[in-house]
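To start, the structure itself, in structure tokens.
The values are calculated or read from the model by the stated rules, or taken from the named source; none is laboratory data. Please read all numbers here as calculations on a predicted model, not as lab measurements. Cβ placement follows ideal geometry from the backbone for every residue including glycine, while neighbour counts extend to all protein chains displayed.
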Amino acid sequence: MKTSNIILLVFGAALILLLFNGCSSYNNMVNKQETTSSAWAQVENVYQRRADLIPNLVNTVKGVANFEQKTLTDVINARASASQMKVDASKLSADQIQKFQASQGELSQALGRLMVVAEQYPQLKATDNFKELQSQLEGTENRISVERGKFNDAVKDYNAYIRKFPQVLYAGLFGFDKKGYFEAEKGADKAPEVSFE
């Protein structure tokens, strides 16, 4: 066999190996991107569940005489703002995740204030409808936490995969970009102060 034939054979084998590796890497990146998109859809589902509970909660609270109207208005406005914030699952950048998280955080704070104010109304706390809605909201907050964790795990798997060699070459070539994470809320690293006065 001639040297030129051996070189062509080695070059051809390397090219075939590179092609198979590229196809495999591409398919794995697509699978991991779809897993990330699916996890994002679940995050949106649980946030939507919370948004769907809020009108019932507001209507239940409205039934109590002299309830603070500003608190209700804040919840309604925060819900509207959070509902308008949409993130494209194919472009889950850190900036978009942060904006989404901020709008949902404002709603969480407004709901928290509503629950604190509701504590001052014994007749409201005694109603079965309010108790049920409060329980559903607590359960939904737990689901949000779980789904955000699953989403972050999927993003970690995807980001790590596209940054490894040789996938990093194909990721850049085919437009697979790094995804953003949910991060802890500011101040979450500090324990709340408890005072028994």
key: Unique match (being part of a loop (DSSP other than H, G, I, E, B) and either surrounded by 14 or more Cβ atoms within 10 Å (Cβ to Cβ) or in contact (Cβ under 8 Å) with a residue 24 or more places away in the chain (or both)) among V46, V58, V87   = V87
ask   = From the set of residues in segment 22-75 that are touching a helix residue (DSSP H, G or I) at 6+ places or on another chain (Cβ under 8 Å) and among the basic types (K, R), which is farthest from Q167 (Cα to Cα)?
value = K62
message = I need every pair where a residue in segment 143-170 that is among the hydroxyl-bearing types (S, T, Y) has its Cβ under 6 Å from the Cβ of a residue that is surrounded by fewer than 17 Cβ atoms within 10 Å (Cβ to Cβ), sequence separation at least 6 or different chains.
response = Y170/G22; Y170/Y26
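Considering V64, V117, which residue is in a loop (DSSP other than H, G, I, E, B), of a type in the set (A, V, I, L, M, F, W, C) and surrounded by 14 or more Cβ atoms within 10 Å (Cβ to Cβ)? Steps first, answer last, please.
Values: V117 fails: in a loop (DSSP other than H, G, I, E, B).
Sole residue among the options that is in a loop (DSSP other than H, G, I, E, B), of a type in the set (A, V, I, L, M, F, W, C) and surrounded by 14 or more Cβ atoms within 10 Å (Cβ to Cβ): V64.
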message = So D52 ticks every box in (1) within 22 Å of the chain's Cα centre (by Cα); (2) touching a residue at least 12 places away in the same chain (Cβ under 8 Å) but one. Which box is left unticked?
response = (2)
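For segment 89-129, name all the residues that are among the hydrophobic types (A, V, I, L, M, F, W, C), over 30 Å from D177 (Cα atoms) and touching a Phe, Trp or Tyr at 6+ places or on another chain (Cβ under 9 Å). Before the answer, list the steps.
The initial filter retains those residues of segment 89-129 that are among the hydrophobic types (A, V, I, L, M, F, W, C), namely 89, 92, 94, 97, 100, 102, 107, 110-111, 114-118, 124, 126.
Now narrow it down to the ones that are over 30 Å from D177 (Cα atoms): 110-111, 114-118, 124, 126.
V117, A118, L124, listed by residue number.
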Scan of segment 162-187 for residues that are part of a helix (DSSP H, G or I), touching a Phe, Trp or Tyr at 6+ places or on another chain (Cβ under 9 Å) and not hydrophobic (A, V, I, L, M, F, W, C), ordered by number = Q167, Y170
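Please pick out the residue among N21, N5, N27 that is in a helix (DSSP H, G or I), more than 16 Å from the chain's Cα centre (by Cα) and surrounded by 12 or more Cβ atoms within 10 Å (Cβ to Cβ). If you could, list the steps in order and put the result at the bottom.
Working: N5 fails: surrounded by 12 or more Cβ atoms within 10 Å (Cβ to Cβ); N27 fails: surrounded by 12 or more Cβ atoms within 10 Å (Cβ to Cβ).
Every option except N21 fails the conditions.
Here is a yes/no grid of residues against (1) closer than 21 Å to N31 by Cβ; (2) in a loop (DSSP other than H, G, I, E, B); (3) not aliphatic (A, V, I, L, M):
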{"residue": "Q96", "(1), (2), (3)": "no, no, yes"}
{"residue": "F100", "(1), (2), (3)": "no, no, yes"}
{"residue": "G105", "(1), (2), (3)": "no, no, yes"}
{"residue": "L111", "(1), (2), (3)": "no, no, no"}
{"residue": "N129", "(1), (2), (3)": "no, no, yes"}
{"residue": "E138", "(1), (2), (3)": "no, no, yes"}
{"residue": "R143", "(1), (2), (3)": "no, no, yes"}
{"residue": "Y158", "(1), (2), (3)": "yes, no, yes"}
ask   = Assuming K131 fulfils every condition listed in (1) within 30 Å of Q167 (Cα to Cα); (2) touching a Lys or Arg at 6+ places or on another chain (Cβ under 9 Å); (3) without any contact (Cβ under 8 Å) to a residue 24 or more places away in the chain apart from one, which condition is it?
value = (1)
inquiry  = If I filter segment 122-131 for residues that are under 30 Å from I54 (Cα atoms), surrounded by 18 or more Cβ atoms within 10 Å (Cβ to Cβ) and modelled with pLDDT of 90 or more, do I get at least one hit?
reply    = no
